[in-house]
Ligand code: NAD
Ligand code: TYD
């Protein structure tokens, strides 16, 4: 396979490239990333550029560039990670989320269709060259929020609550339409919250680890009793590979590891692992539209594709905390001036209250 990985300099994309190098090194990876604030080539410092791995700085909304990449590298598969991914930022700048996550995905779909369709001029033709696939990496957040009971299945209605999840849900629907209307071979995966190395410290787990290490206040939104279903990023990567290889065309697969925790449980575990003080906990104003609970029913991917997660949360979180302790230099480098400005804008008013 010649796999176009978009957003491969971000958290999950860079771990996917690393996972592929370890588990399926026979495939070529072409990593296209715009290197926004969330993209960092230092997250790929252990991946040498050679015949089997190429990095190209480009925006997924740049159709001319995508066309060039597909032609030059004979792309057979797309794994689309590229997105604006942080809910808090989507509350401040929804438009960027819509253009990147929706129109960027559509530009990729159009380019794949053009290059893979046997007869691109014929709008009725549904024939594609053999062995191609587009995999849209989506999120459980498209289903909205759960109450105390229940799980998201692939049949749950799409009820996104944030501009981020609305943009991801919209991209999913555009993908669905390209399968139904054009027969473009594709899958959509919807994963729960990931944690692991190389995650940008605006997300809960790396932010709390970093702040504990710096003895800075830990901003807990609302009452801290919101629930997320946490999965180690390498388990997400192995699930994506299973879908890429064995997923039935047109199908959606939920990915999750049955590991629900409240935010406060996670934060206390980090505090105790690092020997920090619970006095660092600061309850701040809640996120607007904050989803109370996410939880995944993973029975479709486990029974139909034989995927199972390999990390327990205890093992994964302690390895992750150790990774951030051992990689302070990586953290320092990603915390550029732009991050400092974001952090001040996002949290300073809460700490003043
Ligand atoms: P991230 O923010 O760490 O990385 C996103 C990457 O996309 C960055 O490298 C960025 O430079 C790149 N990018 C952004 N806009 C781009 C553009 N216009 N063109 C090219 N590249 C662009 O995000 P992540 O946490 O690695 O998430 C990756 C994908 O997985 C996203 O689509 C997200 O919706 C999905 N997802 C994330 C989680 C999670 O817990 N992090 C869970 C489920 C699904
Ligand atoms: P986040 O990592 O932003 O992921 P998502 O909102 O996509 O699930 O947040 C995870 C949970 O942690 C979410 O309920 C919001 C909460 N949270 C805080 O309480 N404080 C923080 O500073 C951050 C970043 C998140």
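Rg/Rh, computed from the Cα trace of the stretch 208-248 with Rh as the Kirkwood radius, has the value 1.25. Sequence-distant contacts, meaning Cα pairs under 8 Å at least 6 residues apart, place the relative contact order of the chain at 17 percent.
The angle between the Cα long axis of helix 263-273 and the main principal axis of the chain comes to about 70°, on a 0 to 90 degree scale. For the pair residue 155 and residue 113 in one chain, pulling the backbone fully straight at 0.36 nm per residue adds 12.5 nm over the alpha carbon distance.
Sum -39500 (n - 2.57) across every DSSP H segment of at least 4 residues in the chain, then divide by the residue count to get the 222 nm mean residue ellipticity, nearest 500.
Numbers: 13 runs with 147 residues, N = 353.
Rounded to the nearest 500, the figure is -12500 deg cm²/dmol.
Rounded to the nearest 10 degrees, the inclination of helix 233-246 to the longest alpha-carbon principal axis of the chain is 20 degrees. Exposure proxy for 221, 294, 124: other Cβ atoms within 10 Å of each Cβ, ordered fewest to most, give 124, 221, 294. FRET efficiency for the pair residue 262 and residue 180, taken as 1/(1 + (r/R0)^6) with r the Cβ-Cβ distance and R0 = 41 Å, rounds to 0.60.
Extension gain, residue 282-residue 54: 0.36 nm per intervening residue step, less the Cα-Cα distance, totals 77.7 nm.
Of 109, 135, 305, which is the most mobile in a GNM of the chain whose springs link Cα atoms less than 10 angstrom apart? Maximum among the listed residues: 305. Once the Cα atoms are used to define both axes, helix 313-326 deviates from the longest principal axis of the chain by about 80 degrees. Each of residue 319 and residue 96 was given a label point 7 Å from its Cα along the Cα-to-Cβ line. The distance between the two points is 3.2 nm.
Shown is the FRET efficiency for residue 308 and residue 124, computed with R0 = 56 Å from the Cβ-Cβ distance and rounded to the nearest 0.05: 0.85. Between 238, 170, 118, the residue with the greatest mean-square fluctuation in the GNM of the chain (Cα pairs under 10 Å linked by springs) is 118. Per-residue Cβ neighbour counts within 10 Å put 113, 168 in the sequence 113, 168, beginning with the fewest. Please work out the Cα center distance from the stretch 37-75 to the stretch 260-317, rounded to the nearest Å. The distance from the Cα centre of the stretch 37-75 to that of the stretch 260-317 comes to 31 Å.
With neighbours defined as other Cβ atoms within 10 Å of a residue's Cβ, the residues 210, 23 order from fewest to most as 23, 210.
We did not get these values from a lab; they are worked out from the coordinates using the rules stated. Nothing here was measured: the structure is a model prediction, and the numbers come from that model. Reconstructed Cβ throughout: ideal geometry from the backbone, glycine too, with neighbour counts over all protein chains shown.
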